[in-house]
Amino acid sequence: MKISNTDSNEKKVTVFGLGLMGSGIARAFIANGYSVTVWNRDVTKAASLLSRGAVLAKDPNEAIVASPLLVICVSDYKVTHKIFSSADVTLLKDRTIIQLSSGTPKEARSFDGWIQKLGGSALNGDILAWPAQIGSSEATITISGSKSVFEKSAAALKALGGTVEFVGEESGASAVMFSATMAYLAGSWIGFTHGALIMESEGMRADTFGNLAAGMSSLLAADSIHMGEAIQQGKFGDPESTIHTTALDLHLLVQHSKEAGISAMLPTFAANLFQLAVDAGYGKEKHAAIIKVLRHPE
Ligand code: NAP
């Protein structure tokens with residue numbers, strides 16, 4: 001059966017996956033006046049959505065048939081594949097699938113190809129928000145895939161996030177950006193936690209450090225732009241602080257961790273990386289020049 005986005009279908013969506021993020025997505029669609037069908041392996045997670053008007057599909061087939069637009073947000077692409085493979089995949093013909101589960105660029109490309117072969121259309125997206133922010137102006141969603149499919153799905157995507165950014169027709173582009181963002185966040189989370197550990201070890205408050213770090217957010221934003229430009233242009237000269245100075249600071253952080261009797265894992269990793277850059281002759285350059293070491297892992 002050919003499904004088109006006629007008026008009656010326009011605000012119909014099926015959400016696969018009702019974990020923390022999928023539930024937030026389903027709630028946002030309901031709040032925006034969509035007829036929402038939901039499917040989740042653990043059906044008990046659907047209860048609060050059913051009380052808001054969602055309809056529970058008894059199996060993936062019913063979930064696919066219910067709406068022309070399928071939004072999936074499960075743990076990853078492997079789980080997505082498992083769910084769809086348990087269904088009659090011929091039903092995916094003429095369906096638009098917005099994949100919001102996180103995955104690698106390779107997985108996104110392969111998913112896109114698979115859905116196209118089945119006669120459907122796919123967009124691969126990534127969510128840069130917490131579940132509670134979904135549907136608000138604070139949520140950002142990046143999307144890659146066919147521009148025309150994106151345009152057709154723009155209204156639905158807008159129900160999920162204040163900022164919906166189309167990052168290109170190359171289907172892996174959004175996953176590339178998500179991985180880059182995760183790398184940044186991982187550094188920030190681990191760095192923050194080590195900072196809190198230092199505070200704790202001296203009988204000081206972690207939330208005091210949280211407030212101090214929050215006050216640096218505009219400085220960090222400027223630093224991101226600065227580092228991005230330096231790496232893009234390959235210009236690492238004229239630094240305000242050198243790799244050499246930072247390597248010394250990081251060796252001090254290792255010393256501090258040992259003196260305080262706390263984990264030295266993060267400081268040791270960071271000091272070793274900056275030391276490698278010094279040893280490679282980049283000591284007088286900007287911090288961003290450590291990418292030259294990372295580009296050539298042993
Ligand atoms: P979650 O709460 O752990 O939910 C995982 C979902 O995947 C559940 O619906 C779960 O079903 C389903 N699932 C897992 N294994 C399955 C299997 N073998 N068969 C069928 N279903 C299975 O995770 P989440 O926080 O919602 O995250 C979902 C996606 O959003 C992830 O890709 C994550 O990277 C992305 N994301 C999350 C956040 C966030 O803040 N939470 C932010 C950005 C992106 P059951 O309920 O039946 O277990």
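The values are calculated or read from the model by the stated rules, or taken from the named source; none is laboratory data. Remember, predicted model here, so these are calculated numbers, not experimental data. Reconstructed Cβ throughout: ideal geometry from the backbone, glycine too, with neighbour counts over all protein chains shown. Side chains are part of the model used for accessible areas, which takes the heavy atoms of the whole protein and leaves out ligands, DNA and RNA. Shrake-Rupley method; radii C 1.70, N 1.55, O 1.52, S 1.80 Å.
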Taking every DSSP bridge whose two residues both lie in the chain, the antiparallel percent to the nearest 5 is 20
Where does helix 20-31 land angle-wise versus the long Cα axis of the chain, in degrees 0 to 90, nearest 10? 50
So which residue, out of F29, F84, F178, gets the largest mean-square fluctuation from a GNM of the chain using Cα contacts under 10 Å as springs? F84
In sequence order, calculated HN-Hα J values of the stretch 39-52 (Karplus, 6.51, -1.76, 1.60; Hz; x Gly/Pro): 9, 8, 4, 8, 5, 4, 6, 7, 3, 5, 6, 5, 5, 9
Tensor-based shape of the stretch 189-298 (alpha-carbon gyration tensor, a/c under 1.5 rounded, otherwise prolate or oblate): oblate
Between beta-carbons, use under 15 Å as the cut-off and find the net charge around L197, counting Lys and Arg +1, Asp and Glu -1. -2
With angles folded into 0 to 90 degrees, how steeply does helix 173-201 sit against the dominant principal axis of the chain? Use alpha carbons for both and round to 10. 50
Cβ-based net charge around S86, under 14 Å, with every Lys or Arg adding one and every Asp or Glu removing one: +1
Using +1 on the beta carbon of Lys and Arg, -1 on that of Asp and Glu, and nothing else charged, what's the dipole of the chain about the Cα centre, debye to 20? 1020
Counting only protein heavy atoms and a 1.4 Å probe, tell me what percentage of the stretch 234-298's accessible area is made up of carbon and sulfur. 59
Compute the angle between helix 105-117 and the longest alpha-carbon principal axis of the chain, please, reported from 0 to 90 degrees and rounded to the nearest 10. 10
Express the accessible area of the stretch 44-102 per residue in Å², computed with a 1.4 Å probe while the remaining protein chains stay in the model. 44
Under the helix-only model (-39500 (n - 2.57) for each DSSP H run of 4 or more, divided by the residues of the chain), the mean residue ellipticity at 222 nm, to 500 deg cm²/dmol, is -15500 deg cm²/dmol
Across P60, P68, P267, the residue with the highest GNM fluctuation in the chain (Cα network, 10 Å cutoff) is P267
F150 - accessible surface, heavy atoms, 1.4 Å probe, Å² rounded to 10: 30
Using the heavy atoms of the protein chains and a 1.4 angstrom probe, tell me the accessible area per residue for the stretch 190-279 in square angstrom. 66
Within the accessible area of the stretch 12-176 (1.4 Å probe), percent carbon and sulfur: 55
Per Stokes-Einstein, at 37 °C and 0.692 mPa s, what whole-number D in µm² s⁻¹ belongs to the chain, with the Kirkwood radius over Cα pairs as the hydrodynamic radius? 151
About the Cα centre, and with charges only on the beta carbon of Lys, Arg (+1) and Asp, Glu (-1), how big is the dipole of the stretch 234-298? Nearest 20 debye, please. 160
Relative contact order of the chain, defined on C-alpha pairs under 8 angstrom at six or more residues apart (%): 11
In a Gaussian network model of the chain with springs linking alpha carbons closer than 10 Å, the residue among A214, A247, A132 that fluctuates most is A214
Could you compute the net charge surrounding S110? Neighbours are other residues with a C-beta less than 12 Å from the C-beta of S110; K and R count +1, D and E count -1. +2
